[in-house]
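Q: Provided herewith is a single structure, encoded as C-alpha cells, for subsequent inquiry.
The values are calculated or read from the model by the stated rules, or taken from the named source; none is laboratory data. Everything quoted here is computed from the prediction, not taken from an experiment. Quick reminder, even Gly has a Cβ in these numbers, built from the backbone with ideal geometry, and neighbours come from all protein chains shown.
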Amino acid sequence: MEVIIVDRPEDAAPIVAEAYTRLLTRKPAAVLGLATGSTPLGVYAELIRRHREEGLSFAEARAFLLDEYVGLPADHPERYRAFIEREFTGHVDFEPGAVVGPDGLAEDLEAAGHAYDQAIKAAGGIDIQILGIGADGHLAFNMPMSSLASRTRLKTLTPKTRQDNARFFGGDITQVPTHCLTQGLGTIMESRHAIMLGFGRGKAQAIRECVEGAVSSHWPASILQMHPHATVVVDDDAASQLAFTGYYRATYAGKPTWQGI
Ligand code: GLP
C-alpha cells in the first residue's frame, strides 16, 4: 500500500488524474471503477479539464459505479447514476451505455448483484477503481462488519451513513434510502489498481485504522492492505493520526516520476 500525503485536497487531483491519463494512453478501452460522494469530485474536475484542454478521451472506455441506492425513482437527482453523469461522465466523451451502475430498481436484487459482478468480469475487470472512505471506514456501501470476501449485494445502510448522506437529501434523513446495492469488498479487491482518497479530520480515525490498524471487517477499508496495488491519497488533516507519516512523505518525495502511482 502506498500512502501519499498532500497539503490540500486539491493537490490530490493531478496525481490521481495522471494515473488515468497513463492508463487511457496505454489502454484506450480501459475499464474504470467510479465512486460517488464528495471526495473524488476534484479528480473528476481535473479529468474533465484534461478532456477539454488536453484531448484525454474516454470514447473507448467503460465505467462501472461502485454502488447505488435501492428504490430511488429513475429520475431522482440523487441516484448515483444521475450523480456521476452530472459530476463527471456527462462532461466527457463516454459512448452512450458505457457507464453502468448496479440496478437499484431491480425486482430481484440478489440476481442484479450477481449480474453486476458478471458484467465486470465480462468487461475484463476494472483497471482503476477510485474510492472514497466513510468516517466509519466503509468502502462503497460496505458497512462495518461486511464480509471481507463479499460480492455485489444488497446492504442495509447504518444510521450514521444515512445521517452523513442526508445533506444530499435536503438534510432530511427520512428521505435517505435504507438499502443499497454495492460492490462487495471481494469485488473491489479484484480491481487491478485501487486508489482511495480521504480528506479532512473527519476521516483521520478511519484512515489510521484502515491504513495502519489490523485488517478487520470492523474497518472495511482495511482490506486494501491485502490489495497488490493500492494507493491511498490523503491530505494533512486526514493523515493527522497516522504514525509513519515521515516514511510515507520520504518515499513519495524520492519516487522517480516515470514510476507513477
Ligand atoms: C457514500 C459512498 C461512498 C463514499 C462515502 C463518503 O457512503 N457510498 O462511496 O466513500 O459516501 O462520502 P464523501 O466522499 O462525501 O465523504
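Q: For the range 21-62, which positions are among the aromatic types (F, W, Y) and either under 14 Å from the mean Cα position of the chain (by Cα) or within 16 Å of the ligand (Cβ to nearest atom) (or both)?
A: Y44
Q: Could you please find all residues in the range 23-76 being in a helix (DSSP H, G or I) and of a type in the set (G, A, S)?
A: Passing the criteria: G42, A45.
Q: If G186 satisfies all but one of (1) away from the ligand (no atom under 13 Å from the Cβ); (2) within 12 Å of the chain's Cα centre (by Cα), what's the number of the condition it fails?
A: In the conditions (1) away from the ligand (no atom under 13 Å from the Cβ); (2) within 12 Å of the chain's Cα centre (by Cα), G186 misses (2) alone.
Q: Kindly list, by first and then second residue, each pair from a residue in the range 106-124 that is in contact (Cβ under 8 Å) with a residue 60 or more places away in the chain to a residue that is among the basic types (K, R) and not in a helix (DSSP H, G or I), limited to pairs with Cβ atoms under 7 Å and residues at least 6 apart or on different chains.
A: G113/R151; G113/R153; D117/R151; A123/R62
Q: Something else about it: Residue pairs, Cβ under 7 Å, 6 or more apart or interchain, first in the range 181-198 and over 23 Å from V3 (Cβ atoms) and part of a strand (DSSP E or B), second of a type in the set (A, V, I, L, M, F, W, C) and within 10 Å of the ligand (Cβ to nearest atom). List them.
A: Close Cβ pairs (under 7 Å, with a partner that is of a type in the set (A, V, I, L, M, F, W, C) and within 10 Å of the ligand (Cβ to nearest atom)) amount to T182/L66; T182/A140; T182/F141.
Q: Please name all residue pairs, on different chains or six or more residues apart, with Cβ atoms under 8 Å, provided the first residue is in the range 133-156 and is free of Cβ contacts under 8 Å to residues at least 60 places away in the same chain and within 12 Å of the ligand (Cβ to nearest atom) and the second residue is assigned to a strand (DSSP E or B) and aliphatic (A, V, I, L, M).
A: Within 8 Å, the pairs are K155/L181.
Q: Which residues, counting only those in the range 34-74, are charged (D, E, K, R) and either over 27 Å from L105 (Cα atoms) or at pLDDT below 95 (or both)?
A: Passing the criteria: E46, R49, R50, R52, E53, E54, E60.
Q: On to the next question. Just checking, does the range 107-115 include any residue being within 19 Å of the chain's Cα centre (by Cα), modelled with pLDDT of 95 or more, within 25 Å of E212 (Cβ to Cβ) and of a type outside the set (S, T, N, Q)?
A: no
Q: Right, something else. Within the range 126-145, track down each residue that is of a type outside the set (D, E), more than 13 Å from the chain's Cα centre (by Cα) and surrounded by 15 or more Cβ atoms within 10 Å (Cβ to Cβ).
A: Listed by number, the residues that qualify are A135, M143, P144.
Q: Between residues in the range 64-80 that are among the basic types (K, R) and residues that are crowded, with 21+ Cβ neighbours inside 10 Å and not in a loop (DSSP other than H, G, I, E, B), which pairs lie under 8 Å by C-beta distance while being six or more apart or on different chains?
A: If the second residue must be crowded, with 21+ Cβ neighbours inside 10 Å and not in a loop (DSSP other than H, G, I, E, B), the pairs left are R79/E68; R79/Y69.
Q: Which of the residues spanning the range 132-163 are farther than 24 Å from D103 by Cβ and assigned to a helix (DSSP H, G or I)?
A: P159, K160, Q163
Q: Still on this structure: Which of the numbered conditions does D164 fail, given that it passes all the others? Conditions: (1) within 10 Å of the ligand (Cβ to nearest atom); (2) more than 16 Å from the chain's Cα centre (by Cα); (3) buried (at least 20 other Cβ atoms within 10 Å of the Cβ).
A: (3)
Q: So if I check each of A204, A194, A239, A230, which one is hydrophobic (A, V, I, L, M, F, W, C), at pLDDT 95 or above, under 16 Å from N142 (Cα atoms) and away from the ligand (no atom under 11 Å from the Cβ)?
A: Being hydrophobic (A, V, I, L, M, F, W, C), at pLDDT 95 or above, under 16 Å from N142 (Cα atoms) and away from the ligand (no atom under 11 Å from the Cβ) holds for just one of A204, A194, A239, A230, which is A194.
Q: Yes or no: V215 more than 30 Å from G124 (Cα to Cα) and β-branched (V, I, T)?
A: So V215 does not fit the description; no.
Q: Hey, another quick one. Would a scan of the range 5-20 turn up a residue that is within 16 Å of the ligand (Cβ to nearest atom) and within 14 Å of Q129 (Cα to Cα)?
A: Within the range 5-20 (the criterion being within 16 Å of the ligand (Cβ to nearest atom) and within 14 Å of Q129 (Cα to Cα)), the answer is yes, since at least one residue qualifies.
Q: Return the total of residues in the range 77-102 being under 23 Å from Q118 (Cα atoms), within 16 Å of the ligand (Cβ to nearest atom) and part of a loop (DSSP other than H, G, I, E, B).
A: Final tally of qualifying residues: 3.
Q: With the requirement that a residue be surrounded by fewer than 24 Cβ atoms within 10 Å (Cβ to Cβ) and aliphatic (A, V, I, L, M), what does the range 187-205 give you?
A: M189, A204
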